[in-house]
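For reference, the structure is listed below as C-alpha cells.
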Amino acid sequence: MLTLNEIKGVGAATVKKLEELDIKSVFELLSFLPSKYIDLESPVSVCDAEAGQLALFEGTVERVSALSKRGKRSFYVTFKDSLAKGRIFFKAIFFNMPFLHAGFEAGQSYRLLAKLGKDEGAYVVVNPQLEKSEKISKLNGVYTVYPLRGVIGQNAFKNIIYSALDSMKGMAYQGKLGRINADMAECFENIHRPPSAADAFEARERLASLDIAIVLSLYKKLHDNSQKQRKVFYKSTNSAILDYASALPFALTPSQLAACEDIAKSLSADVCMSRIVSGDVGSGKTAVAFFAMYLAAISGRQSVMMAPTEILVNQHARSFESVAKKLGLSFVCITASLSAIERADALAKIESGEVDCVFGTQALISEGVNYKSLSLAVIDEQHRFGVNERRQLENKGACDILSLTATPIPRSMALTFYEDIEISRIFRRTEGMSNISTKILSSVEETVALVCEACRRGEQAFVVCPSIKDAEGYDAMSIEGFMREHGASFDGISVGVLHGRLSAEEKSRVMRDFADGRLSALIATSVVEVGVDTRASVMAVLSADRFGLASLHQLRGRVGRDGRPAICYFQSNRHSKGADIRLEALEHINDGQELAELDFAMRGAGDFLGTRQSGASLTPMFGLCMNKKILLSAKEYSENCLSDLSVLELTALTRRSEQRVKAFLDGLEKVTLNS
C-alpha cells in the first residue's frame, strides 16, 4: 500500500503536519473527509450567510478605496449585494494584494469566496478569492472545505489529496486494488473532487454503505460462529399452549398466541434460542414470557426471570402466582431485601430443584445462587442489563435467552443487522390502545393546574422533569425548579419525589408508596420508564422537547395500565422543527413500531446501536451518518460482494480503523431495543 512519503509533494515537514491531524497513512488521508461543500454555481446573500463560515457571494462594485502606501499595502472595495432585497452592502478588504487594486471599476459584478465577518455592524470579507461574474472559470463546480484547524492551508491539503487520488486511480487501473478497495477509491474521488454537490452527496452515501457492509459481513461471520448447538431439549406437546392459555384469567390475543408458537418452535430448534419479544407497554409481554417458563418447567428444567428492581420482581411474582397454582408450578423470589433465613431457604430450594421458576433482580447471578437444572432466562426491561449479566446467566446454565423490550427496533435495522436474531412482536388490545389520550400544552401553569385538579378528584399522576437540579444555560424544567416554583400548588396533595440519585431502597419505597396509593402525585425524572403497574391515570412531561420519541412513548405507557381512561400531557414552550414533529406525531400515533420508524427516519441509526450513552451514532470507519437507504444498500453489498471473504480478510479491511470498528462491533453485541 502507498505510504504518505510516496505521495507527490509530501516531505518530512508535511508528514509532521498531517500527523497533527491524526493522519498517519494514505487511507487516513483519504478518510479525512470535507466538512462542507460550497456550490460555486449558487451564491448567497450576506444576509443569509453564517458568520465565520466560508460562502460564495455576488456583488457589484460601488466604491474602491485608495491603496495604503505603508504596512500591508491594503485597500478595500465596497460591494452592493446582488442577491439581497434592497440596498445591502458589504466590504472586501485586501491585504498585501496591491496588484489587484487597479482592476476594480464601479459597476463591475464579481463573485467572491470568503468567510463572512462583521465590523461595527457592517458585513466584511477579507482577502476573498474572486472573479468577474461574466467570466467565471475558476469559481465554478464545488469547493470543498476541510476541518484543518489552521495546521495546513486548504489549497495545500487539497493538492496532497489530489496526488493521493491520482496514485490510487493508477493502482486501480493496474488491477492492484481488490473490488472493495477499488469501489472505495471511486467514492473518495467523488467525495474529494466532486463534479457537483449531488455527486459528493451520493458518493458519501455509497461510502457509508461500503463501510457498514464490511463491518456487517464481519459481524455476521463472527455471530454465526458463536451460535450454540442445542444440548438441552424441551417437551413440546401439541396441547402445551392450550393448557397454558386455559390457566390465564384472560384470553391471549392473536399476536400473543403467535409469540408463544414462536417460542415453542425456537426451543425445539437445533440451536439455542435468542429471541426478543417486542411490544408496547401493556401489550402483554410477561404473559408470553410465563409461557416460556411453563414450557421449561414441564420439561424438567428451571427458568429465571430477571428484572431491574425489586418492586418489578414482586409485581411479576404476584402476576405469576395464580397461573402457577393452576399449572402446578413452584417459584421463589431472590432479591437483596430477603432476610438471611429467607435467602437460605430460597437458595436451598433452587439448588435442590424443588422450585421450577425463580424471579429476581441481579441477585439471581450473585455468588451462592446455584441452580440444579437452569436452562432458560427471561430478561425483562432488556435495556437495563448488559452483556455481562447475560453471560453470567449463561454460566449458571441458561442456554436459552428470551428478552423483553417495550420499544421495537426499526425494520431496516432488524433486516440489516439482526436478521438472525428471532423477534416476536405483540400488539396491545384494541381497547388498550384507545384508553390513553395525548395533549400538547405550552404552559407549565396550565399543566400543573390540570394535574392538581385530577389529584384532588382522587386520581394519581406522574410529573416528569428532564433533570434533577437547575443548571446554568439549561432552561428546561428540573425537579428542583419545579418544586420551588410550583410546589405550593400541591398543598393538601400527598407528593413523592423519585430520581436516580436516590438509593435503591429509597426508590423502591417511593415507588411502592405510589403503587399502593399512599401518594397522589409523583414528581420524577424519566426513571419511571421502568415497567411498574400503578393506577395512575395522568402523565405530565415538562419540557417534553428535551426527550426523544421512544422515551416519550415509554412515559405515556406508564398510565392507564388498569384499562381506565388516562391522559398524557406533553408540555413544551420551545419550538424547533424536530421537537414539533415528535410531539405532533405522539399526539396522533399510538403504535410503538410506527414511532420507532419515524424516530429512525429523523435521527438515523445512532441511538439504536449500543447504549444511548456510548454515542455510537456513525459508521465505524468513516464516521458517516446512517439512514434506511444506506443500511439496506449495505446489506445488499455485503451479501453480493463480500460473502466469500474470510474473517481475516474482512478484519484486514478494517484494521486501519481497528479501535472504532471494535467499538462498533461491541455496540452491536450489546444492542438494546430500548436505547
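Nothing in this text is a laboratory measurement; each read-out follows from the coordinates by a stated rule. This one's a predicted model, so the numbers in the text were calculated from it and none came from an experiment. Virtual Cβ from ideal backbone geometry, glycine too; neighbours counted across all protein chains shown.
How large is the Kirkwood hydrodynamic radius of the stretch 438-589, in angstrom, based on all distinct alpha carbon pairs? If you can, show how the numbers build up before the last one.
Details: mean 1/r = 0.0651 Å⁻¹.
Evaluated over the stretch 438-589, this radius sits at 15.4 Å.
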- Query: Lys469 versus Arg318, label points 7 Å from Cα toward the beta carbon: distance in nm?
  - Reply: 3.5 nm
- What chymotrypsin sites (Phe, Trp or Tyr not before Pro) in the stretch 185-285 are in a loop by DSSP, with at most 10 other Cβ atoms within 10 Å of the Cβ? Phe250
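Let me know the Kirkwood hydrodynamic radius for the stretch 16-150, please, with Cα pairs as the basis and the value in Å to one decimal.
Working: mean 1/r = 0.0613 Å⁻¹.
Evaluated over the stretch 16-150, this radius sits at 16.3 Å.
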- Message: What do you get for trypsin sites (Lys or Arg not before Pro) in the stretch 518-574 restricted to DSSP loop and a cutoff of at most 11 other Cβ within 10 Å of the site's Cβ?
- Response: Arg518
- Message: I want the antiparallel fraction of DSSP beta bridges within the stretch 42-140, as a percent rounded to 5.
- Response: 85 percent
- Note on the structure: From fewest to most C-beta neighbours within 10 Å, the residues Ile350, Ile214 line up as Ile350, Ile214
- Message: Counting each pair of different Cα atoms once, what's the Kirkwood radius of the stretch 321-404 in Å, rounded to one decimal?
- Response: 13.4 Å
- Would you work out the charge dipole size for the chain about its Cα centre, treating the Cβ of every Lys and Arg as +1 and the Cβ of every Asp and Glu as -1, and quote it to the nearest 20 debye? 1400 debye
- Where in the stretch 140-211 are there trypsin sites (Lys or Arg not before Pro) that are in a DSSP coil and have at most 10 other Cβ atoms within 10 angstrom of their Cβ? Arg149
- In whole angstrom, the spacing between the Cα centers of the stretch 621-660 and the stretch 477-520 equals 48 Å
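Take the alpha carbon gyration tensor of the stretch 180-263, find the square roots of its eigenvalues, order them as a ≥ b ≥ c, and report rounded if a/c is under 1.5; if not, report prolate when a/b exceeds b/c, else oblate. Numbers along the way, then the final one.
Values: a/c = 8.41, a/b = 2.61, b/c = 3.22.
Oblate is the answer for the stretch 180-263, as a/c is 1.5 or above yet b/c matches or exceeds a/b.
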- Message: Suppose the chain between Arg73 and Ala106 were pulled fully straight at 0.36 nm per residue; how much longer would it get relative to their current alpha carbon spacing?
- Response: 9.8 nm
- Semi-axes in Å, largest first, for the chain (Cα gyration tensor, √(5λ)) are 58, 35, 20
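When ranked by the protection proxy of mean other Cβ atoms within 10 Å per residue, highest first, what sequence do the peptides 81-87, 659-665 form? Write down the numbers at each step before the final one.
Details: 81-87: 13.4, 659-665: 17.0.
Put in order of decreasing packing, that is 659-665, 81-87.
Fewest Cβ neighbours within 10 Å first, please rank Val323, Val125, Val151 accordingly.
Working: Val323 18, Val125 26, Val151 14.
Least crowded to most crowded, the residues run Val151, Val323, Val125.
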- Query: Computed FRET efficiency, Cβ-Cβ of Asp513 and Asp562, R0 22 Å: what is it to the nearest 0.05?
  - Reply: 0.80
- Any idea what the dipole of the stretch 42-140 comes to, in debye rounded to 20, about its Cα centre with Lys/Arg Cβ at +1 and Asp/Glu Cβ at -1? 380 debye
- Of the options Leu248, Val271, Gly71, report the single residue whose Cα projects farthest towards the positive end of the charge dipole of the chain (beta-carbon charges: Lys, Arg +1; Asp, Glu -1). Gly71
- Item | Pairwise label distance in nanometres, Ser442 with Phe201, each label 7 Å out on the Cα-Cβ vector | 3.3 nm
- What distance in nm separates the simple spin-label points at Glu367 and Ile581, each placed 7 Å from Cα in the Cβ direction? 5.2 nm
- For the chain, share of DSSP beta bridges that run antiparallel, in % to the nearest 5: 40 percent
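Once R0 is set to 51 Å, what does the formula 1/(1 + (r/R0)^6) return for the Cβ-Cβ distance between Phe89 and Glu505, expressed as a FRET efficiency to the nearest 0.05? Present the calculation step by step, with values, prior to reporting the outcome.
Details: r = 69 Å, r/R0 = 1.34.
About 0.15, to the nearest 0.05.
Given a Förster distance of 35 angstrom, what is the FRET efficiency for Arg230 paired with Arg179, based on the Cβ-Cβ distance and rounded to 0.05? Don't jump to the answer; show the numbers that get you there.
On the way: r = 38 Å, r/R0 = 1.08.
It comes to 0.40.
With a ≥ b ≥ c taken as the square roots of the eigenvalues of the C-alpha gyration tensor of the stretch 481-571, please select rounded if a/c is under 1.5 and otherwise prolate if a/b is larger than b/c or oblate if it is not? Spell out each step's value before the answer.
Details: a/c = 1.22, a/b = 1.09, b/c = 1.12.
Judged from the Cα gyration tensor, the stretch 481-571 comes out rounded (a/c under 1.5).
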- Note on the structure: Exposure-ranked with fewest Cβ neighbours within 10 Å first, Val448, Val64 stand as Val64, Val448
- Item | Distance from the stretch 321-337 to the stretch 246-297 (C-alpha centre basis), Å | 18 Å
